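Q: Okay, handing you the structure first.
Read-outs: derived from the displayed coordinates by stated rules, not from any lab. What you are looking at is a predicted structure, and each value in this text was computed from that prediction instead of being measured. Every residue, glycine among them, receives a Cβ derived from its backbone with ideal geometry; neighbour counts consider all protein chains shown.
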Amino acid sequence: MTLCVRATGRAAPVLGCVGLLAVAGEGHITSVAVSPDAQGRRVGAALMLALHRAVRAGRTPDGRPVGEQVAAVEATTLEVRVSNHRAQRLYAWFGYAPVGSRAGYYRGGRGASRAGTAARAPEDALVMWCHDMTAAAHGERLDEIAAALAAPARRVAARPAAARP
């Protein structure tokens, strides 16, 4: 299952997508991708919320059935770069906890695939799991996240620069 978020308007660019592979009651989030222009605008959180709710409801946000394999998912796993602390915090918000790592999982450091950047050493992946996705407590967590996403975004004030001698 793949879910995408688009901007509104005529051009309607894709702001982000999330993919899930489901087999035998377990899901594997294959990707969470947010356009660089949309980062920091809660798109990743909205995608994760839509995915978790679709799994729990057995229907996509627009009402289509998700299919037997996705509807049977009770736990999901994902990998995230060990250096991507922002994504790790997002996943922890949804109930994911680290359970291990995969050495050299990513071929290069962050940004290594961009044109004009030097090749970087492979980077490890942190493996995270979210269990009990069908539990009432997980549904309550999703409701809390939805409420937080509906609230106006809070901006964190920049720290004042240190005084220079």
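Q: Rank these for me by crowding, Cys17, Cys4, going from fewest to most other beta carbons within 10 Å.
A: On the way: Cys17 17, Cys4 13.
By the 10 Å Cβ count, ascending, the order reads Cys4, Cys17.
Q: Under the rule of at least 5 residues apart or a separate chain, name every residue whose amide H is placed under 5 Å from the amide H of Trp129.
A: For Trp129, whose amide H was placed from the backbone, the distant partners under 5 Å are Ala97, Val99.
Q: Also, I was wondering about something else. Summing +1 for each Lys or Arg and -1 for each Asp or Glu, what net charge is found among the other residues whose Cβ lies under 13 Å from the Cβ of Thr134?
A: Numbers: positive: Arg53, Arg56, Arg141; negative: Glu26, Glu74, Asp132, Glu140.
Residues near Thr134 contribute -1 overall.
Q: May I ask for the net charge around Gly27, where only other residues with Cβ less than 14 Å from the Cβ of Gly27 are counted and Lys, Arg are +1 while Asp, Glu are -1?
A: Working: positive: Arg53, Arg56; negative: Glu26, Glu68, Glu74, Glu79, Asp132.
Result for the local shell: -3.
Q: Out of residues 5 or more away from Ser35 or on other chains, whose amide H comes under 5 Å of its own, with H placed 1.01 Å from N in the peptide plane?
A: It is Gly16, by chain and number.
Q: Kindly provide the pair-distance distribution of segment 13-85 built from C-alpha pairs, with 10 Å bins from 0 and whole-percent values in order of increasing distance.
A: Histogramming segment 13-85 at 10 Å steps yields 19, 49, 27, 5 percent.
Q: For segment 70-85, in order, what is each residue's ³J(HN,Hα) by Karplus, 6.51 cos²θ - 1.76 cosθ + 1.60 with θ = phi - 60°, in whole Hz (x at glycine and Pro)?
A: 5, 4, 8, 5, 10, 8, 10, 10, 7, 10, 9, 4, 4, 8, 8, 5
Q: Could I ask something else about it? Given just the C-alpha atoms of segment 2-150, how large is their convex hull per residue in cubic angstrom? Display every interim value, and only then the final one.
A: Values: hull volume 18.4 nm³, N = 149.
For segment 2-150, the hull spanned by Cα atoms encloses 124 Å³ per residue.
Q: Right, next: Per residue of segment 97-107, in order, report the coupling 6.51 cos²θ - 1.76 cosθ + 1.60 (Karplus, θ = phi - 60°) as ³J(HN,Hα) in whole Hz, putting x for Gly and Pro.
A: With the stated coefficients, segment 97-107 comes to 10, x, 10, x, 9, 10, 5, x, 4, 9, 4 Hz.
Q: Also: Tell me which residues come under 5 Å, amide H to amide H, from Thr60 once H is placed; ignore anything under 5 positions away on its chain.
A: Amide H to amide H, under 5 Å and 5 or more residues apart or across chains, Thr60 pairs with Val66.
Q: Which of the trypsin sites (Lys or Arg not before Pro) found in segment 1-101 are in a DSSP loop and have at most 12 neighbouring Cβ atoms, other than their own, within 10 Å?
A: Numbers: sites: Arg6, Arg10, Arg41, Arg42, Arg53, Arg56, Arg59, Arg81, Arg86, Arg89; in loops: Arg10, Arg41, Arg42.
Answer by residue number: Arg10.
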